[in-house]
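Here is the structure we will look at.
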Amino acid sequence: MINRFFTTLLLVCIALIAAAQTPADSLTIVQAPWNTTVLQKGLTGKAYNFTSLYGVPLSIALLEVAPDYKLDVLIHAPMATTSASARASGAVAAINGSFFNMKEGFSVCYLQQHHAVVDTTIQSYFDREVGTGAVQMQQGRAKVLPWNQQIEKAWKVDDSSVLVSGPLLLLDAKECDLSACNQNFVVTRHPRSAMGVKKDGTVILLTVDGRLEGHSIGIQLTELAHLLRIVGADSALNLDGGGSTTLWAASAPDNGVLNHPSDNKTVDSGGERKIANSICVYE
């Protein structure tokens with residue numbers, strides 16, 4: 001009986017979390033006076049500091065990337081910041097990539113760069129229902145697709161680049177069920193990074209600041225899925241977050257960092273973390 005009670009309680013809590021995104025939140029996102037900047041043709045930046053969204057202050061930055069740009073995975077070897085690695089590669093924009101071993105610098109999720117399989121997904125990411133999506137970049141065009149252990153074992157390597165991450169947030173414009181995921185990871189407010197794709201092939205690279213008291217607290221994964229759907233994504237994937245969260249554009253002011261990475265605990269662009277890989281945009 002006790003186990004049944006706690007199971008019921010957990011299901012109720014999950015249902016309340018799923019219902020936390022209200023029509024008022026949708027209106028707040030749509031009606032916000034986003035600061036919009038055309039960085040170059042087909043590459044548009046948008047940002048806004050919400051004093052209250054999902055009940056907390058949130059600072060959001062995103063890039064809309066037209067389909068005629070090319071995307072690819074960039075491996076940082078050795079580990080380096082997103083901005084430095086992307087700029088050195090000749091990219092025009094970038095977002096941090098997937099989860100990695102912070103000591104040794106390898107991806108802990110499947111990473112394929114064209115015909116070469118560089119890393120595979122460690123078991124714990126499947127066990128926690130984190131490795132449930134991937135971004136595939138084929139001839140520069142990006143798409144988000146479901147992923148699991150069976151798909152990975154059967155995956156036929158080709159000339160595309162593939163980066164697994166997760167959880168998968170949106171598919172066919174519907175928010176994905178996150179009830180099987182580690183709920184602490186789902187509901188804790190963290191800085192988050194995500195990639196979405198619209199029906200017309202436009203890519204959305206999006207970051208939400210976090211761990212910056214009074215500026216931006218961080219966002220839950222169910223809220224992140226809702227946010228991406230409201231800004232127009234048809235499919236979307238959560239990327240590595242926390243101190244890794246970085247959005248960069250070569251033509252943006254200063255060092256090109258568009259959000260406020262949290263590692264220096266300061267509301268500026270100087271808190272970037274050295275990471276293992278990123279998703280880059282090329283002309």
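The modelled label-to-label distance for the pair ASP172/ALA77, using points 7 Å beyond Cα in the direction of Cβ, is 3.9 nm. Largest to smallest in accessible area, the residues GLU104, GLU272, GLU213 fall in the order GLU213, GLU104, GLU272 (1.4 Å probe, all protein chains included). Per residue of the chain, the DSSP helices (runs of n ≥ 4 H) give a summed -39500 (n - 2.57) that works out to -6000 deg cm²/dmol at 222 nm. Taking 0.36 nm per residue of sequence separation and removing the Cα-Cα distance, the VAL30/ASP254 pair yields an extension gain of 77.8 nm. Here the label points at ARG141 and VAL157, each 7 Å from Cα along the C-beta direction, are separated by 2.5 nm in the simple model. The eigenvalues of the Cα gyration tensor, multiplied by 5 and square-rooted, give the stretch 108-242 an equivalent ellipsoid with semi-axes of 24, 17, 13 Å from largest to smallest.
All other residues whose Cβ lies under 15 angstrom from that of PRO23 are scored, Lys and Arg at +1 and Asp and Glu at -1, for a net of -2. Of the solvent-accessible surface of the chain, computed with a 1.4 Å probe and all protein chains present, 55% belongs to carbon and sulfur.
Of the residues VAL135, VAL203, VAL187, the one that moves most in a GNM of the chain with alpha-carbon contacts below 10 Å is VAL187. What the pair-distance distribution of the stretch 11-112 shows, using all Cα-Cα distances binned every 10 Å from zero, is 11, 29, 28, 28, 4 percent. Label-to-label distance, SER124 versus LYS103, with points set 7 angstrom from Cα along the beta-carbon direction: 1.1 nm. Note that the stretch 185-283 presents 30 Å² accessible area per residue, ligands and nucleic acids not counted, probe 1.4 Å.
The values are calculated or read from the model by the stated rules, or taken from the named source; none is laboratory data. Note that this is a predicted model, so its numbers are computed, not measured. Because the Cβ atoms are built from the backbone with ideal geometry, glycine has one as well, and the counts that use them run over all protein chains shown. Quick note on the areas: whole protein, heavy atoms, side chains included, nothing else; ligands and nucleic acids left out. Shrake-Rupley method; radii C 1.70, N 1.55, O 1.52, S 1.80 Å.
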